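Peer 1: Pasting a structure below so you can have a look.
The values are calculated or read from the model by the stated rules, or taken from the named source; none is laboratory data. Predicted, not measured: the structure shown is a model, and the values here were computed from it. A quick note on method: Cβ atoms are made from the backbone with ideal geometry, for glycine too, and the neighbour counts reach across all protein chains shown.
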Amino acid sequence: MQRAPNPIIRATTTARILVAGQAPGNLADKLSKPFADPSGDRLRTWMGVSDEEFYDESRIAIAPMGFCFPGYDAKGGDLPPMKVCAPTWRPGLMERLPQVDLVLAIGGYAQSWHLGAARKRTLTETVMHWRTYLENHGVLPTPHPSWRNNGWLKKNSWFEGEVLPVLRDMVRARL
């Protein structure tokens, strides 16, 4: 059963941080609230922010690559964002966020859009080069905070030790 479009985005012209994910999940769609799930809990921990800070759209914009829940694939996983969404809506959105100077690019879709040809072949390689992207593009690439990535996080423990302290400092400086 296809759902009615329910764009889930939070942004104002004063936000300095942009959380750019893939697309809202099922729970976000049902609640009309992004990252209203355990992934969001982990993301807020990574960023070192409270719920109130995270959902203050005057400070943190939350805009996925696909604005609506894309549905499920045959195996029960989320479908990728609709291909038409980002090219149609993202340029205009970015023009309306002039204060953003830190983009948290969560996952491959956001990294592809925000880093373009500078993105590496794999998510791991891209995240490993986070310092370069941060310095040259104002983009900090991360994996998705989903439980599905627990294995990646365990295998790449440097992410928690090297990247997250910098992320927290950068977020705190902008709040």
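Peer 1: Name the residue that is surrounded by the most Cβ atoms within 10 Å (Cβ to Cβ), counting only residues in region 101-118 that are more than 23 Å from GLY40 (Cβ to Cβ) and without any contact (Cβ under 8 Å) to a residue 12 or more places away in the chain.
Peer 2: Step by step, filter region 101-118, then rank; the result is GLY116.
Peer 1: Against the condition in contact (Cβ under 8 Å) with a residue 24 or more places away in the chain, out of contact with any helix residue (DSSP H, G or I) (no Cβ under 7 Å at 6 or more places or on another chain) and on the phi > 0 side of the Ramachandran plot, how does SER32 come out, does it pass?
Peer 2: It is true that SER32 is in contact (Cβ under 8 Å) with a residue 24 or more places away in the chain, out of contact with any helix residue (DSSP H, G or I) (no Cβ under 7 Å at 6 or more places or on another chain) and on the phi > 0 side of the Ramachandran plot.
Peer 1: While we're here: Select from region 69-85 the residues that are more than 11 Å from GLN22 (Cβ to Cβ) and of a type outside the set (A, V, I, L, M, F, W, C) and write down the one among them that is surrounded by the most Cβ atoms within 10 Å (Cβ to Cβ).
Peer 2: Out of the qualifying residues, it is GLY71.
Peer 1: Let me ask something additional. Quick check: is even one residue across region 140-148 surrounded by fewer than 18 Cβ atoms within 10 Å (Cβ to Cβ), modelled with pLDDT of 95 or more, hydroxyl-bearing (Ser, Thr, Tyr) and touching a Phe, Trp or Tyr at 6+ places or on another chain (Cβ under 8 Å)?
Peer 2: no
Peer 1: Among the residues of region 26-34, is any touching a strand residue (DSSP E or B) at 6+ places or on another chain (Cβ under 8 Å), surrounded by 14 or more Cβ atoms within 10 Å (Cβ to Cβ), among the aliphatic types (A, V, I, L, M) and assigned to a helix (DSSP H, G or I)?
Peer 2: No, region 26-34 contains no residue that is touching a strand residue (DSSP E or B) at 6+ places or on another chain (Cβ under 8 Å), surrounded by 14 or more Cβ atoms within 10 Å (Cβ to Cβ), among the aliphatic types (A, V, I, L, M) and assigned to a helix (DSSP H, G or I).
Peer 1: Moving to a separate point now. If you go through region 42-73, how many residues are part of a loop (DSSP other than H, G, I, E, B) and at negative phi?
Peer 2: The number of residues fulfilling the criteria is 16.
Peer 1: Six or more apart or on different chains, Cβ atoms under 8 Å: show the pairs whose first residue is in region 164-175 and free of Cβ contacts under 8 Å to residues at least 24 places away in the same chain and whose second is surrounded by fewer than 13 Cβ atoms within 10 Å (Cβ to Cβ) and not small (Gly, Ala, Ser).
Peer 2: none
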